[in-house]
1. Can you tell me which residue among B:ILE98, B:ILE86 is in contact with a Leu (Cβ under 6 Å, 6 or more places away or on another chain), closer than 19 Å to B:GLN14 by Cα, within 14 Å of chain A (Cβ to nearest Cβ) and β-branched (Val, Ile, Thr)?
2. Within the bounds of region B:34-46, is there any residue that is under 17 Å from B:ALA115 (Cα atoms), among the small types (Gly, Ala, Ser), more than 14 Å from chain A (Cβ to nearest Cβ) and buried (at least 16 other Cβ atoms within 10 Å of the Cβ)?
3. I'd like the full set of residues that are more than 8 Å from chain A (Cβ to nearest Cβ) and among the aliphatic types (A, V, I, L, M), limited to region B:132-153.
4. Do we have B:ILE86 as touching a Phe, Trp or Tyr at 6+ places or on another chain (Cβ under 8 Å) and either free of Cβ contacts under 8 Å to residues at least 24 places away in the same chain or outside any helix (DSSP H, G or I) (or both) here?
5. If I ask for residues that are outside any loop (DSSP other than H, G, I, E, B) and more than 20 Å from B:LEU100 (Cβ to Cβ), which ones from region B:1-59 would you list?
6. Can you tell me which residues in region A:38-84 are more than 12 Å from chain B (Cβ to nearest Cβ), closer than 29 Å to B:VAL99 by Cβ and exposed (fewer than 13 other Cβ atoms within 10 Å of the Cβ)?
Amino acid sequence: MTKLVYFAWVRERVGKSDETVALPPGLVTVADLLAWQQTRGEEYAYAFEQSSVIRVALDRKHAPHDAPIAGAGEIAFFPPMTGG
Amino acid sequence: MPASSRPPCTIRIQSEPFDIPAETARLTAGRTDIGGIVTFAGLCRDEGGRLKALELEHYPGMAEEEIARVAESALARWPLMGLTAIHRHGLIKPGEDIVLVIAASAHRRAAFEAADFMMDYLKTRAPFWKREHLLDGSTGGWVEAKAEDDAAAARW
């Protein structure tokens, strides 16, 4: 099982801050995972419609969209950061 | 302190305000080798009078870890004698502090550059998101990331 966490407008669009899911086999990269998220219903389709702008962290480290997701226990999805 | 030992590095994420003189004193207490301290504080603007507050959401755990990674890069790159980074979260009103970076070194250049680098990287890598609360009582939108911040970070 993998914990998925959401922040800012991604969290609001998905409608939850976290969930634990069994990822389907065949998802290799972050990009595969983002494409799968788009298929999970209306709120996910809305949250991930512009998947190229979504940032992803694997076990609390930034990961590019071509990074492999194997072994990650916690995967976070969020918009570009606006702190500082 | 021998030159080979690791400089003190403080990273904190907190909702309460910070005390800049106290944080500066913590870096300089008992030391006579520091020649320059650069302090940068980022404040909440009222955006021309329309903003009631900023709400800062963060990713607990990753926020500390990511700022620590940025600090490690700064410590590896400049001969620093101390480095502090504090970032607030929660509801912050115009005029209040949001973020603090303090860099200490023997000579000014390293402290100026390290503080500038820390802020550029904090803005583009630390997992924080700002949302506006407006004076008319409505909740405004999420603040959009600026391309100029990415360009600033790419300078380094």
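1. Selected residue: B:ILE86, the only one of B:ILE98, B:ILE86 that is in contact with a Leu (Cβ under 6 Å, 6 or more places away or on another chain), closer than 19 Å to B:GLN14 by Cα, within 14 Å of chain A (Cβ to nearest Cβ) and β-branched (Val, Ile, Thr).
2. No, because not a single residue in region B:34-46 is under 17 Å from B:ALA115 (Cα atoms), among the small types (Gly, Ala, Ser), more than 14 Å from chain A (Cβ to nearest Cβ) and buried (at least 16 other Cβ atoms within 10 Å of the Cβ).
3. Of everything in region B:132-153, those that are more than 8 Å from chain A (Cβ to nearest Cβ) and among the aliphatic types (A, V, I, L, M) turn out to be B:LEU134, B:LEU135, B:ALA147, B:ALA151, B:ALA152, B:ALA153.
4. yes
5. B:LEU51, B:LYS52
6. Correct list: A:GLN50, A:SER52, A:PRO64.
Per-residue answers, yes or no, for (1) exposed (fewer than 15 other Cβ atoms within 10 Å of the Cβ); (2) more than 15 Å from the chain's Cα centre (by Cα):
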{"position": "B:PRO7", "(1), (2)": "no, yes"}
{"position": "B:GLU23", "(1), (2)": "no, no"}
{"position": "B:ARG26", "(1), (2)": "yes, yes"}
{"position": "B:ALA74", "(1), (2)": "no, no"}
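We did not get these values from a lab; they are worked out from the coordinates using the rules stated. Every value quoted in this text rests on a predicted model; they were computed, and no experiment measured them. A quick note on method: Cβ atoms are made from the backbone with ideal geometry, for glycine too, and the neighbour counts reach across all protein chains shown.
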